[in-house]
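Participant: I have a structure I would like to understand better, so I am pasting it below and will then ask my questions one at a time.
Any read-out appearing in this document is the output of simple, stated calculations on the displayed coordinates, not a laboratory observation. Please read all numbers here as calculations on a predicted model, not as lab measurements. Cβ: placed from backbone, ideal geometry, glycine included. Neighbour counts: every protein chain shown.
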């Protein structure tokens, strides 16, 4: 049964009793949940003492306003012994589900990025402090309450962190983040200023291999992130909005020779003036002059106005095409 392509065809479980017992764990391993089948799934899991142990991935992102806090909490408790990945719904994630997360001892991924309800950061960290296997944590992007936060509750093996919501400058300035973090994402942080972001990058930069900072970050200036490559000397992948950088990001003053960056993804909000802040020839020169010798993939937003018919863009395409699996993507 493990060789059957995903999604698992439920009809196989009806062939005979032996096939049912062999296939039922694959049916429930990663259930595909939508508004139409969510309530039936909750009822089925709640009425069985066995089926919950087969669930390894509980993804509620597409159950749009179909449940209650009690449903989410009940599912987490029923699946707590085996669930490894949990993706929270936009609604129906309050205090009770947060308490139920504590019992999911095998949880590796906790994604709260869609949650619209206010989450107290202290309660969140109390919920995850015993999750020894947790490696991915994404904060709610709508609101986070983080007054009087204690920073000694980070999971020991955290490698990917997504910061969002109402986190404050004080949280970034005074929290000791674990140096096990290699991938960092920041977006939808309305109160975070340039000094706090730079302080965070100074602390985590030497261990980061992937960084993503995208719109909206309204408190950041037009050139707030120009020193990112200096602060992150071992970065391999960078996704950044041009709203917060200029061409100085890859100039000789901010980018030392032989920086290991391989993938550069330029996002853009589309606001006036963003298309001229960094040009294709700036990137081509950085490669040719040895500042970004390993850069092989560049992705640029359509909002930057780049065209393959432009001479500067054509030159960048030629430079990147010389690299293995290299190229320029505009989308």
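Participant: Two decimals is fine: what's Rg over Rh for the range 151-212, C-alpha atoms, Kirkwood radius as Rh? Don't skip to the answer; put the middle values down first.
Facilitator: Working: Rg = 10.9 Å, Rh = 11.8 Å.
Result: Rg/Rh = 0.92.
Participant: Which of 276, 26 has the fewest other C-beta atoms within 10 Å, and how do the rest follow up to the most?
Facilitator: 276, 26
Participant: Equivalent ellipsoid semi-axes for the chain, as square roots of 5 times the alpha carbon gyration tensor eigenvalues: give them largest first, rounded to whole Å.
Facilitator: In descending order, the three semi-axes are 41, 25, 17 Å.
Participant: Further question: Bin width 5 Å, origin at 0, all Cα-Cα pairs of the range 220-313: what percent of pairs per bin?
Facilitator: Computed distribution, short to long bins: 3, 14, 27, 28, 19, 9, 1.
Participant: Show that you can apply the helix-only estimate: for the chain, add -39,500 (n - 2.57) for every DSSP H stretch of four or more residues, divide by all residues, and state [θ] at 222 nm to the nearest 500.
Facilitator: -8000 deg cm²/dmol
Participant: Given the range 198-267, what whole percent of its Cα pairs are spread farther than 18 Å?
Facilitator: Value for the range 198-267 (Cα pairs over 18 Å): 29 percent.
Participant: Here is a further query. Tell me, what does the Kirkwood hydrodynamic radius of the range 1-144 come to in angstroms if you use every pair of distinct C-alpha atoms? Could the numbers behind the result be given before it?
Facilitator: On the way: mean 1/r = 0.0640 Å⁻¹.
Averaging 1/r across every pair of different Cα atoms and inverting gives 15.6 Å.
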